[in-house]
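The values are calculated or read from the model by the stated rules, or taken from the named source; none is laboratory data. Because the structure is predicted, anything quoted here is derived from the model rather than measured. Here Cβ is always computed from backbone atoms with ideal geometry, including for glycine, and neighbour counts include all displayed protein chains. Calculation scope for accessible area: heavy atoms of the full protein, side chains included, ligands and nucleic acids excluded. Shrake-Rupley method; radii C 1.70, N 1.55, O 1.52, S 1.80 Å.
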Amino acid sequence: MIDNPYLLLGLFFGLVLLIFVGIKMKWSKIFVSPETRRKTAIEDILKQLYHVEYSGKTATLNAMAGALKLTHSKLVELIEEMSLLGLIRRSSDTIELSESGRDYALRIIRVHRLWEKYLSEKTGIHKSEWHGLAEKMEHNLSSKEADELYKSLGSPRFDPHGDPIPMSTGEIIESNEETLSHVKPDATVRITHIEDEPDAIYQQIIDQKLHMGQQLKITHSDDQFVKFLSEGEEYKLSTIVASNIGVKELNAEEISEAETIRLSSLGVGEKAKVIGISSECRGANRRRLLDFGFIKGTLIETEMEGPTKEPKAFKIRNTLIALRNDQADLILIEKTS
Amino acid sequence: MDNKSGQIDELISQASELRWKIGSDYHDKLTEGIYADAASITQRAEIRKDNSASYNFDRMLDKVLTSRTFGFPIMGLILSIILWLTIQGANYPSSMLDSLLLGTVYPFLKDLSSQLGIVWWIDGLLLDGIYMAVAWVIAVMLPPMAIFFPLFTLLEDFGYLPRVAFNLDGLFKKSGAHGKQALTMSMGWGCNAAGVVATRIIDSPRERLIAIITNNFSLCNGRWPTQILIATIFIGALVPAGWSGLVSTTAVIGIAFLGIFFTFFTSWFLSRTMLKGEVSTFTLELPPYRPPRFWKTIYTSLIDRTIIVLWRAIVFAAPAGAVIWLISNIDISGHSIAYYSINFLDEFGFLIGLNGVILLAYVVAIPANEIVIPTVLMLTVAHFGISNFGAGDGVMFDLDSETQTAEILQTGGWTLLTGINLMLFSLLHNPCSTTIFTIYKETKSWKWTSVATILPIIMGIVVCFLVAQLYRILM
Amino acid sequence: MEEVNKGCEDCAFYNAAELKKLGISVENADYVIALAGNPNTGKSTVFNALTGLRQHTGNWAGKTVTRAEGGFKYNDKRYKLIDLPGTYSLLSTSEDEEVARNTILFGRPDVTVVVADASRLERNLNLVLQVLEITDKAVLCLNLMDEAKRHGIEIDDRTLAKDLGIPVVVTSARSNEGIPELIQTISQVASGEIVCKPHRIKSLPKKVEQAVQSLSKKINGLYPELPNTRWIAMRLLDGDQQILSAIKSGDFISSGNGQ
């Protein structure tokens, strides 16, 4: 056999294909016990109910089945089990969370948001993946583990998207934000929340490089579009996307009048003053930049570009520091002459 | 005491309450505060003449060394000069050490031991086994390292290396790695263990692990001689004599570039799979140029890098020498252990276009790549009962003439495929034990040490397997 | 405070014959000295100059990662020198910074020498000011002075010493300039001959400063022996878990002298 190269190659590629298919199919999913899958589904329903009620709507079976991608009959079966467990109250068509159901939902949401916080602070995983990973982790962590995580993260109150993290006692901070789609033209606002669901819209927001804490000056707003200026660039968002961005209107003294641009757009030989580091830049990266002295009021100059245009070297506090463009994107500056 | 613990609890709860009052930008505020103090103190104490001549010189040098036109050519030129000096310059002292340690000292010790009437197996184990392995490692390893490291260190002390990292970061970023990996990679061309230690300059945990795991894809100086010898015998022989030098050199450079390709590929693969979650930060400070202090640099780099690495290699090579001698000399029902092992490995060796002798040599030569070729020759001669070569079972040797070496290898059943695959396998196999040990010391993790050890072997086996099958189909 | 910044090669205190570099043999040290500093400030060169050891130094950030130790003997006293990893700060959570921070905080060295690059004073002071929040006994070694001069930078070390409240020694460790003065200053701070009054961070926003003060007072009530309650308060406000558990167990008190 070992001197038949065709057969061997065939076997080899067969094996590779098998492993590849195995990874694609996610082996782990096949071995999940039915109870675990049931528990996950119930927890997802609780969470969905909480979100619906939080936004002041009432939940209907049809809308739920659509949102959770469950068949109608499966959903009915689960709902019945949940009302037996006392997690929900049902009337003819609408569903409501009971007290204990609400507590349960908040526990799940707490783990979800804590885990997103953890991923943002302690790992290098890209923000577009936080939500998906937290969706899995929220079903796996016990309350005790969640409390330990909470402590080790330094008792955070908000997740990286600006959503409040529920306390272990079930308390949750109510936020009183507006959505970007509702802001009137000429107002100046700051982004306080970026909703990470649904995925497609969140991806659009990320692609636009919009980030928490960014200051926007609204120039136009109607039923279809919101236009605004920010960090030296002009943006145009559809209302659907804009409604997933929470903002806080700024009053006169909070508005930074500076012509804010990103450090990445500072050409070689140009000088500027640092306004701050965007809150998108977190954890070790942020602290390292602070240590180098990238803080408010610091003078900075682009000294040179590498042969491949990236990274660029900046002169700051008499030191040459090279930064990549994605880092320089997060440093906000104001040009000086 | 209860009172105290009550007070402590109160303190902690007060602290957490204050944290929320201050808000999440506390760390920023604190740093701003410290820097504000620093700035005012500096202003009082410092007198700065702007744009001194020396500052402008630094900037001018930077403009040239990182320019789009000259940046890469200068880098390539400097690297070629260093590699050329290392490989060419090492030949002479290497052959001197060789004739001293193997040609003079070895016979002298053999004579001495026979005069003293030392039992044959002690004499064999100590002299033919341990001494020979150590002598090999010193003769092959010391000269190139003693040339390569000081040159490299001079560039480092001058401040050129951070500029190389700056130039290449764009490329490395695409594979998820750090520009400074360019340096640890080049350091690996001298010695992988030294390359792994050098990854300390990468302060991002993820990129550092990538650099450690992929360092093995830089052909170290223990492997350059293998590549050159095999390329000369098998690839150079394919073309007319006048061309053979050029063709075999190209083949060796090709393998080195293949190593660079695997470095990028593996970096890319790891950063998207196993290392996805690790924290990644990028910082690269470009220090001012400093005139290196020539003799001090040479001295410290010899002490610090060359001697330490050499010492570790010797420590690992000595037992390997003993093992090689033992497997060739312990007989079980008429045949040596080596004989059984080679027969056992032969079939798998054939599968991946190598043979049992090569695989056994790679198993026993884990401690040092330098002794692979002498071990292969010794095992081939003993296994195939070739007479008039070598100094006896378990005694490693090398031949001055490439024709003779080729003759032995052909008797051992080697073909062009065996040659090509040996070159590939020499690039893609586990790091030597010195490097494995260093990786463990640097990462303090068995997991990453195992990944760094096993990943290249798997890649080597797969690549050799595919090449072997394709060769058999096409030829 | 003693005036320490005059040329000291021939002054009464300094006695070259009394200096013996001990390399790595540092049992039974009378004093423990920690060597902190930003990366690439020539910290390892200073370490080598003091101990006679030859650690490799490169023109790079982050050559020394593990903690190196060495020693010297001066005027019959034995000094153990700990070379900490080069860090830009003590506030972050990288492994190096934790090693450096813990050695100074929990190890309580008799003197902490901070090596700074004279041509990048401002950035180096970031670390110096943090060290001064943790310890009272510190010496600033203003290194790479030759390079700074070449770049047209001069530093008034007396003003600097006055502002920082600790002795400042100007060195060019590569050519051994200033090392005798450094040794002498270290010995004077260690023996208590020089008493430091270190600068404490002043420019904090009001809200932060008030929080720091009220916590600091509380900590002082609990652990009156602590010299650095302000700094611990700052760390608590950052949610530093290690400091939190140290507060609970009282770890600051029990340990001493870098053991």
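Miscellaneous remarks
- Single condition residue C:123 does not satisfy, out of (1) of a type in the set (D, E, K, R); (2) within 16 Å of residue B:43 (Cα to Cα); (3) away from chain B (no Cβ under 14 Å): (3)
- Within region B:308-331, the set of residues being open to solvent by 50 Å² or more (accessible area, probe 1.4 Å), part of a helix (DSSP H, G or I) and not charged (D, E, K, R) comprises B:308, B:311, B:315, B:316, B:319, B:323, B:326.
- Residue B:246 meets the stated requirement of being closer than 30 Å to residue B:91 by Cβ and either open to solvent by 50 Å² or more (accessible area, probe 1.4 Å) or among the aliphatic types (A, V, I, L, M) (or both).
Quick grid of which residues meet (1) within 14 Å of chain C (Cβ to nearest Cβ); (2) in contact with a Cys (Cβ under 6 Å, 6 or more places away or on another chain); (3) open to solvent by less than 20 Å² (accessible area, probe 1.4 Å); (4) within 27 Å of residue A:200 (Cα to Cα):
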{"residue": "A:152", "(1), (2), (3), (4)": "yes, no, no, no"}
{"residue": "A:162", "(1), (2), (3), (4)": "no, no, yes, yes"}
{"residue": "A:168", "(1), (2), (3), (4)": "no, no, no, no"}
{"residue": "A:172", "(1), (2), (3), (4)": "no, no, no, no"}
{"residue": "A:177", "(1), (2), (3), (4)": "no, no, no, yes"}
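- Filter result (open to solvent by less than 10 Å² (accessible area, probe 1.4 Å), at the interface with chain B (Cβ under 9 Å from one of its Cβ atoms) and not in a loop (DSSP other than H, G, I, E, B)) within region A:305-319: A:313, A:319
- Region C:133-143, subset in contact (Cβ under 8 Å) with a residue 40 or more places away in the chain and touching a strand residue (DSSP E or B) at 6+ places or on another chain (Cβ under 6 Å), residue farthest from the other protein chains (Cβ to nearest Cβ): C:137
- Evaluating residue A:269 against the criteria (1) within 14 Å of another protein chain (Cβ to nearest Cβ); (2) in contact with a Lys or Arg (Cβ under 9 Å, 6 or more places away or on another chain); (3) more than 24 Å from residue B:32 (Cβ to Cβ) leaves one unmet condition, (2).
- Residue check, residue B:250 in a helix (DSSP H, G or I), of a type outside the set (D, E, K, R) and in contact (Cβ under 8 Å) with a residue 60 or more places away in the chain: no
- Output for region A:291-302, where each listed residue is open to solvent by less than 30 Å² (accessible area, probe 1.4 Å), more than 9 Å from chain C (Cβ to nearest Cβ) and hydrophobic (A, V, I, L, M, F, W, C): A:294, A:295, A:300
- Pair list, Cβ < 7 Å and 6+ apart or interchain, from region A:143-164 residues that are closer than 12 Å to residue C:241 by Cβ and at pLDDT 80 or above to residues that are of a type in the set (Phe, Trp, Tyr) and open to solvent by less than 60 Å² (accessible area, probe 1.4 Å): none
- A count restricted to region C:224-237 and to residues that are in a loop (DSSP other than H, G, I, E, B) and surrounded by 19 or more Cβ atoms within 10 Å (Cβ to Cβ) stands at 1.
- The strands (runs of 3 or more DSSP E) found entirely in region C:134-199 that carry 2 or more residues being over 16 Å from the mean Cα position of the chain (by Cα) are C:153-155.
- Residue C:165 vs. criteria closer than 21 Å to residue B:55 by Cβ and touching a Lys or Arg at 6+ places or on another chain (Cβ under 7 Å): no
- Of the criteria (1) of a type in the set (A, V, I, L, M, F, W, C); (2) touching a residue at least 40 places away in the same chain (Cβ under 8 Å); (3) open to solvent by 40 Å² or more (accessible area, probe 1.4 Å), which one residue A:133 fails: (2)
- Of the helices (runs of 4 or more DSSP H) lying entirely inside region B:1-90, those carrying at least 2 residues that are more than 14 Å from chain C (Cβ to nearest Cβ) are B:53-65.
- Strands (runs of 3 or more DSSP E) completely within region A:213-290 that count 1 or more residues being crowded, with 20+ Cβ neighbours inside 10 Å and not assigned by TED's automatic domain parsing to the domain that holds residue A:311: A:215-221, A:225-230, A:233-238, A:245-249
- Residue list for region B:128-158, restricted to those being within 15 Å of residue B:190 (Cβ to Cβ) and more than 16 Å from the chain's Cα centre (by Cα): B:150, B:151, B:153, B:154, B:155, B:156
- 3 or more residues over 25 Å from residue B:281 (Cβ atoms) and over 17 Å from the mean Cα position of the chain (by Cα): qualifying helices (runs of 4 or more DSSP H) within region A:109-209: A:143-152
- Out of C:193, C:181, sole residue that is on the phi < 0 side of the Ramachandran plot, open to solvent by 20 Å² or more (accessible area, probe 1.4 Å), in contact with a Phe, Trp or Tyr (Cβ under 8 Å, 6 or more places away or on another chain) and more than 9 Å from chain B (Cβ to nearest Cβ): C:181
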